[in-house]
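Chemist: What follows is a structure written as C-alpha cells; I'll ask about it next.
The values are calculated or read from the model by the stated rules, or taken from the named source; none is laboratory data. Computed from a prediction, not measured in an experiment: that's the story for all the values here. No Cβ is skipped: glycine too gets one built from the backbone with ideal geometry, and neighbour counts run over all protein chains shown. Just so you know, the surface numbers come from the protein's heavy atoms only, side chains and all, with ligands and any DNA or RNA stripped out. Shrake-Rupley method; radii C 1.70, N 1.55, O 1.52, S 1.80 Å.
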Amino acid sequence: MENLWNDEDAAAFDNDLEMRVYTSRLLGNNPNLVMHGGGNTSVKSTVNGEDILYVKGSGWDLETIEPAGFAPVKMSTLLSMAQQDHLSDTDMVAQQRQAMINPEAPNPSVEAILHAVIPFKFVDHTHADALVTISNTPNGKTILQKIYGDRVLFVPYVMPGFILAKAVYEQTKDLDWSQYDGMVLEHHGLFTFSDSAKTAYDKMIELAGLAENYLLENTQLPNPLPSEGVTESYLSKLTSAVAQIKCPEAPETILAMVNPFSIAKALAQRDLSVLKQASVLTPDHIIRTKQKPLILSGDEALIDEELQAYITAYQRYFDQYQTGETCLNPAPNYVIIQGEGSLAFGKTEKEVSIIQDINNHTFEAILRAQDLGGYVPLSDAELFEMEYWELEQAKLKKS
Ligand SMILES: [Zn+2]
C-alpha cells in the first residue's frame with residue numbers, strides 16, 4: 001500500500017488541526033481505506049488552556065475535509081461519558097454538542113468518545129478493505145493474529161457508537177496502549193494512533209498493507225467469462241418493477257445503473273451459494289446498500305416473483321428484529337443478476353454511483369474470501385441493529 005506522506009507538503013502545516021487535515025486527506029485519498037464518508041480521524045489539542053478533541057464531523061468526507069469539518073469537543077466531557085454505564089445515542093449526541101466550543105461546527109463523529117479514550121494525540125480510523133475482508137471469513141481472527149502478532153489489540157464486534165466506545169474503554173482501562181501499533185475492530189476496521197501525525201498515518205499504511213499483501217499472496221480474483229448480457233427489455237422491466245416499490249408516487253425518478261466493472265460479472269458468475277453471502281463489508285455501508293441485494297435468475301418472466309420474494313423476506317427480517325421502529329422502504333438498493341453482473345438503484349446519479357463503488361469493493365472482498373473459506377458477514381440481528389440505528393438514519397437525511 002502506497003504511503004503518500006510528503007515531507008515538503010507536510011512542512012507547510014504548523015498547527016495540530018492543519019496537520020490533522022493533511023493526513024486525513026491522505027487517508028481519504030485511498031478508496032481501499034475509506035470510501036464516501038467512511039472512517040474518522042481526530043487530534044487532541046489545547047484551546048485557551050482546555051483540552052479539546054478535534055474529531056471528524058458527521059457527514060464530512062476524509063478525502064476533502066477542511067478544518068471546518070472537525071468538531072471541537074471538550075475532552076473532559078468525552079472522558080466522563082466513557083465512564084457512564086448507559087447512554088442513549090440521542091443523549092450522547094446532545095451531550096457532545098453541549099461540550100463543543102464552537103456551536104457552528106458539525107456534529108462530532110459517532111466515534112468521538114472512542115477517539116477520546118485512546119491516549120494519543122493523533123488517532124486514525126479506517127475501514128481498510130483487506131483487513132475487513134479477512135475479518136469477514138471463518139478464521140479471520142486467527143489469520144489476522146498471524147499477520148500482526150502482538151502488535152494489535154483485538155476488539156470483538158459490537159455496534160459503533162457509545163457501545164463500542166464503552167467496550168474499548170472497559171477492555172483497555174488497565175492496559176498499556178504504547179505496546180500496540182493498532183487496534184482491530186473485528187468486522188469493522190482498524191485504528192492506529194501516535195503523538196505524531198506521520199507515525200499514526202505510517203502505521204495505518206503499514207498495517208493495512210500487511211493485510212493487503214496477505215490477500216494478494218493467498219487469494220485470487222477470477223476472470224469473468226463472456227456472457228450474453230441482459231436485454232433492454234429485461235432492464236426496463238426490472239427498473240420499472242423496482243421503481244414502483246422504491247418510489248410509488250414518482251417511479252420515473254428512480255435511476256438504474258448497470259455496473260460496467262468486470263468484478264461485478266466475476267461475482268455474478270459464482271454459485272448461488274456464494275451470491276447468497278453478499279452483504280455489507282463494514283457496518284456503515286448498510287445505509288447505502290441495504291443489508292442484502294436481490295439476487296435474480298436473469299429470467300424476465302420471473303422478475304416480479306423474485307422481487308416479491310425479496311420484499312417478503314425483508315418484511316420478515318424487520319418483523320423479527322423490530323422493537324417499535326418504522327419499517328424502511330423494502331425495495332433493494334442493488335441487484336445481482338446470476339451470470340451477468342449487478343445493477344444499482346437510487347434517486348440521483350451520485351447516490352447510484354456511491355452504491356456501485358461500495359458494491360465493487362464488497363464484491364472483491366466476497367470473491368477473495370472464497371479462497372479463505374467463504375465470506376461471513378454480520379448476522380441479521382447485527383445488521384438490523386445497524387440499519388435501524390437512529391444516528392445512521394440521521395446521517396442519511398443530512399447527506
Ligand atoms: Zn468505522
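Chemist: What's the lysine pair count for region 232-398 at a Cα cut-off below 19 Å, pairs eight or more apart or interchain?
Modeler: 23
Chemist: Once a ≥ b ≥ c are taken as the square roots of the eigenvalues of the Cα gyration tensor of region 7-218, is the result rounded (a/c under 1.5), prolate (a/b larger than b/c) or oblate (a/b not larger than b/c)? Show your work: numbers first, answer last.
Modeler: Working: a/c = 1.73, a/b = 1.27, b/c = 1.36.
Oblate, because a/c is 1.5 or more while a/b does not exceed b/c.
Chemist: Principal axis extents for region 201-240, Cα atoms only, whole Å, descending order, please.
Modeler: Largest to smallest, the principal-axis extents are 51, 24, 9 Å.
Chemist: Let me ask another. Specify whether the C-alpha gyration tensor of region 232-398 places it in the rounded, prolate or oblate class, a ≥ b ≥ c being the square roots of the eigenvalues: rounded for a/c under 1.5, otherwise prolate if a/b is larger than b/c and oblate if not.
Modeler: Values: a/c = 1.40, a/b = 1.05, b/c = 1.33.
Note, shape of region 232-398 comes out rounded.
Chemist: Can you work out the base-10 log of I(q)/I(0) for region 225-317 at q = 0.17, 0.25 1/Å, using the Debye formula on its C-alpha atoms alone?
Modeler: -0.92, -1.68
Chemist: Something else: Dipole of the chain (Lys/Arg Cβ +1, Asp/Glu Cβ -1, origin at the Cα centre): which of Leu378, Thr192, Asn6 lies farthest to the positive side?
Modeler: About the Cα centre, the residue reaching furthest to the positive side is Leu378.
Chemist: Further, regarding this structure: If you count only protein heavy atoms with a 1.4 Å probe, what accessible area per residue comes out for region 232-398, rounded to a whole Å²?
Modeler: Values: 7170 Å² over 167 residues.
Averaged over the residues of region 232-398, the accessible area is 43 Å².
Chemist: Take the Cα pairs of the chain, get the Kirkwood Rh, then feed it into Stokes-Einstein at 25 °C and 0.890 mPa s and tell me D in µm²/s. Let's see the in-between values first.
Modeler: Details: Rh = 22.0 Å.
Reported coefficient: 112 µm²/s.
Chemist: How many percent of DSSP beta bridges within region 232-398 run antiparallel, rounded to 5?
Modeler: Values: 8 of 11 bridges.
Given both bridge residues lie in region 232-398, the antiparallel proportion sits at roughly 75 percent.
Chemist: A follow-up question, please. Quote to one decimal, in nm, the extra length available between Asp319 and Ala381 on full extension: 0.36 nm per residue of separation minus the C-alpha distance between them. Before the final figure, lay out the partial values.
Modeler: Numbers: separation 62, 0.36 × 62 = 22.32 nm, distance 1.14 nm.
Computed gain between Asp319 and Ala381 is 21.2 nm.
Chemist: Can you list the lysines whose alpha carbon sits under 23 Å from that of Lys44, skipping same-chain ones fewer than 8 residues off?
Modeler: Lys56, Lys74, Lys121, Lys166, Lys173, Lys198, Lys203
Chemist: Let me ask something additional. Using the Cα centre as the reference, give the magnitude of the dipole from point charges on the C-beta atoms of region 49-172 (Lys, Arg: +1; Asp, Glu: -1; all else neutral), rounded to the nearest 20 debye. Mind dumping the intermediate values first?
Modeler: Numbers: 8 positive and 14 negative charges, 76 e Å.
Approximately 360 debye in magnitude.
Chemist: I need the per residue convex hull volume for region 144-271, using only the alpha carbons, in cubic angstrom as a whole number.
Modeler: On the way: hull volume 26.7 nm³, N = 128.
Here the figure is 209 Å³ per residue.
Chemist: Kindly provide the helix-only [θ] at 222 nm of the chain, computed as the sum of -39,500 (n - 2.57) over DSSP H runs of four or more divided by all residues, to the nearest 500 deg cm²/dmol? Spell out each step's value before the answer.
Modeler: On the way: 17 runs with 179 residues, N = 399.
One gets -13500 deg cm²/dmol as the mean residue ellipticity at 222 nm.
Chemist: What distance in nm separates the simple spin-label points at Thr64 and Ser297, each placed 7 Å from Cα in the Cβ direction?
Modeler: 4.4 nm
Chemist: Skipping prolines and chain starts, which residues have an amide H placed within reach, meaning under 5 Å, of the one on Gly298, given they are 5 or more residues away or on another chain?
Modeler: Gln338
Chemist: What is the distance, in nm, between label points placed 7 Å from the Cα along the Cα-to-Cβ direction at Thr142 and at Asp174?
Modeler: A separation of 3.0 nm, rounded to one decimal place.
Chemist: Output ³J(HN,Hα) for region 220-236: one whole-Hz value per residue in order, computed from phi by the Karplus curve 6.51 cos²θ - 1.76 cosθ + 1.60 with θ = phi - 60°, and x for Gly and Pro.
Modeler: Calculated HN-Hα couplings, in order: 9, 8, x, 8, x, 8, x, 9, 5, x, 8, 7, 4, 5, 4, 4, 6 Hz.
Chemist: Can you tell me how much longer the chain between Gln220 and Lys237 gets when fully stretched, taken as 0.36 nm per residue apart minus their C-alpha distance, in nm with one decimal?
Modeler: Values: separation 17, 0.36 × 17 = 6.12 nm, distance 3.51 nm.
Between Gln220 and Lys237, full extension yields 2.6 nm more.
Chemist: With a point put 7 Å past each Cα toward its Cβ, work out how far Ala309 is from Glu252 in nm, to one decimal.
Modeler: About 3.3 nm, to one decimal.
Chemist: Counting only DSSP beta bridges with both residues in region 7-218, tell me the antiparallel percent, nearest 5.
Modeler: Working: 26 of 30 bridges.
Here the antiparallel bridges make up roughly 85 percent for region 7-218.
Chemist: Let me ask something additional. Carbon and sulfur together cover what percent of the accessible area of region 99-206 at a 1.4 Å probe radius?
Modeler: Working: 1710 of 3570 Å².
Of the solvent-accessible surface of region 99-206, carbon and sulfur hold 48 percent.
Chemist: Keeping all protein chains in the complex and leaving out DNA, RNA and ligands, what accessible area do you get for Tyr334 with a 1.4 Å probe, in Å² to the nearest 10?
Modeler: Counting only protein heavy atoms, the figure is 10 Å².
Chemist: Quick one: Cα centre-to-centre distance for region 28-106 and region 320-337, in angstrom?
Modeler: 30 Å
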